[in-house]
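*Asks:* The structure follows.
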Amino acid sequence: MLVGASDVPARGKARMTPRKSGGYTVIGDAVVDHLYRTDRLPSESLPARGRFTSSVGGRGLNCAVAAARLGLPVRLIAAVGDDEAGRRILAYLRREGVDTDLVKVVPGEPTPVDALIVTSSGSTGAIAHRDEAVRLREEDITTPAAREAITSAAAVLITFEPPALVIEQAIRMVHATPHRPWLLVQPTPPIGMLSYFRRYLATIDFLVGTRAQLGTLVPGCAPSADFDAEIAPWLLGHGVRYVCAVEGLACRVRFAGPALDIPRPAAAVLAETPGARSAFLAALAHRLIRSGRPGRADFVFATAAMAASQSFGELPDAMPVADRINRILALPSDAEPTPEIV
């Protein structure tokens, strides 16, 4: 057992009932995305053809925008630079209805830039640049306002974009909250201190990522490790309530009940989309806050949201509204793929 009785205990039957009303708080990054759309991923000997655009981005930002488009009151806890890019990000978030009061502006520093390479099939490669000057610090999430945003939320999403100590502090804060919020975690990009982080797995309600991303949390897990035989059993055994492998616009959910395998919706044409997991997380949170407990229909809705995020436009703009998701759900399972790719 990784967790001592005096540290962060597994919840078991003593778990508090989650809130059924309230907002959604996202802890992650807000950056500028340099987006390269190509015919395929380039290799050392074979370049690719493509076009370049620049947009706002970051997993935290994308998840916050996705939730706001589904009608949730959303607060983003992130950091940006004191430059035109930072002001652009703040203006975009406000237009989308995301509360930016807890987005820290770092004086005299530029906003970080990520590079995304997206192929015609939707496959994505990413290069993340992190300036340590423009990052969340532990003190940023322990202010009265940040603490209130986390502890009063109906659901909290944490990505692995902030420093490990920030992630740890946020999880501990959720754990200590009576009637605590649902905790969703997206374990990417990879972080250090994984052996230390594993003690907090028992606080996580929903762990959402690709099979490979989930596998990084399992000690000694090979890149080819089997989800059902190796990855999910280990994570569930260490206290995670729902382990969700989300890739290829499909979803596999493992928990204490029967396994759920949600196939690609009929509207799915692309192999993948860069915003798929952001759309999935927002749609799942939307359903959790409305229903109070997860069921198959909630995961079906979240999977449909991934298909609804198929787009050739800028990433956050691809995040779908509820009507678009419901149109995809209304398609018969044997329908020809007819996505609304914008």
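The values are calculated or read from the model by the stated rules, or taken from the named source; none is laboratory data. Treat the numbers as computed from the prediction; the structure is a model and nothing was measured. Ideal geometry is used to build each Cβ from the backbone, glycine not excepted, and the neighbour counts take in all protein chains shown.
*Asks:* Being closer than 24 Å to Ala282 by Cα, of a type outside the set (Phe, Trp, Tyr) and under 16 Å from the mean Cα position of the chain (by Cα) narrows it down to one of Gly58, Gly71, Gly97, Gly86, so name that one.
*Replies:* On the way: Gly71 fails: under 16 Å from the mean Cα position of the chain (by Cα); Gly97 fails: under 16 Å from the mean Cα position of the chain (by Cα); Gly86 fails: under 16 Å from the mean Cα position of the chain (by Cα).
Answer to the check: Gly58.
*Asks:* With Thr124, Thr119, Thr100 as the choices, which residue is closer than 21 Å to Asp82 by Cα and among the hydroxyl-bearing types (Ser, Thr, Tyr)? Quick ask: steps written out before the conclusion?
*Replies:* Working: Thr124 fails: closer than 21 Å to Asp82 by Cα; Thr119 fails: closer than 21 Å to Asp82 by Cα.
The match here is Thr100.
*Asks:* How many residues does the stretch 139-149 contain that are assigned to a helix (DSSP H, G or I) and either surrounded by 18 or more Cβ atoms within 10 Å (Cβ to Cβ) or modelled with pLDDT under 95 (or both)? Give the derivation first.
*Replies:* Initial filter on the stretch 139-149 (assigned to a helix (DSSP H, G or I)): 139-140, 144-149.
Pick out the ones that are also either surrounded by 18 or more Cβ atoms within 10 Å (Cβ to Cβ) or modelled with pLDDT under 95 (or both) and you get 140, 146, 149.
Number satisfying all stated conditions: 3.
*Asks:* Looking at (1) assigned to a helix (DSSP H, G or I); (2) crowded, with 20+ Cβ neighbours inside 10 Å; (3) among the aliphatic types (A, V, I, L, M); (4) free of Cβ contacts under 8 Å to residues at least 60 places away in the same chain, which one does Ala91 not meet, given that it meets all the others?
*Replies:* The one condition Ala91 does not meet is (2).
*Asks:* Go through the stretch 295-315 residue by residue and tally those that are in contact (Cβ under 8 Å) with a residue 60 or more places away in the chain and surrounded by fewer than 24 Cβ atoms within 10 Å (Cβ to Cβ).
*Replies:* 2
*Asks:* Could you figure out which of (1) at negative phi; (2) at pLDDT 90 or above; (3) part of a loop (DSSP other than H, G, I, E, B) isn't true of Val253?
*Replies:* Here Val253 meets the rest and fails (3).
*Asks:* Can I ask one more? Give the number of residues within the stretch 258-311 that are β-branched (Val, Ile, Thr) and outside any loop (DSSP other than H, G, I, E, B). Walk me through how you get there before you give the answer.
*Replies:* Step one: of the stretch 258-311, the residues β-branched (Val, Ile, Thr) are 262, 269, 273, 289, 300, 303.
Filter again for outside any loop (DSSP other than H, G, I, E, B), leaving 262, 289, 300, 303.
Total meeting the criteria: 4.
*Asks:* Looking for whichever is closer than 30 Å to Ser152 by Cβ, in contact with a Lys or Arg (Cβ under 8 Å, 6 or more places away or on another chain) and crowded, with 24+ Cβ neighbours inside 10 Å here; the options are Ala276, Ala245, Ala282, Ala202. Which one fits? Write out each step before concluding.
*Replies:* On the way: Ala276 fails: in contact with a Lys or Arg (Cβ under 8 Å, 6 or more places away or on another chain); Ala245 fails: closer than 30 Å to Ser152 by Cβ; Ala202 fails: crowded, with 24+ Cβ neighbours inside 10 Å.
Being closer than 30 Å to Ser152 by Cβ, in contact with a Lys or Arg (Cβ under 8 Å, 6 or more places away or on another chain) and crowded, with 24+ Cβ neighbours inside 10 Å holds for just one of Ala276, Ala245, Ala282, Ala202, which is Ala282.
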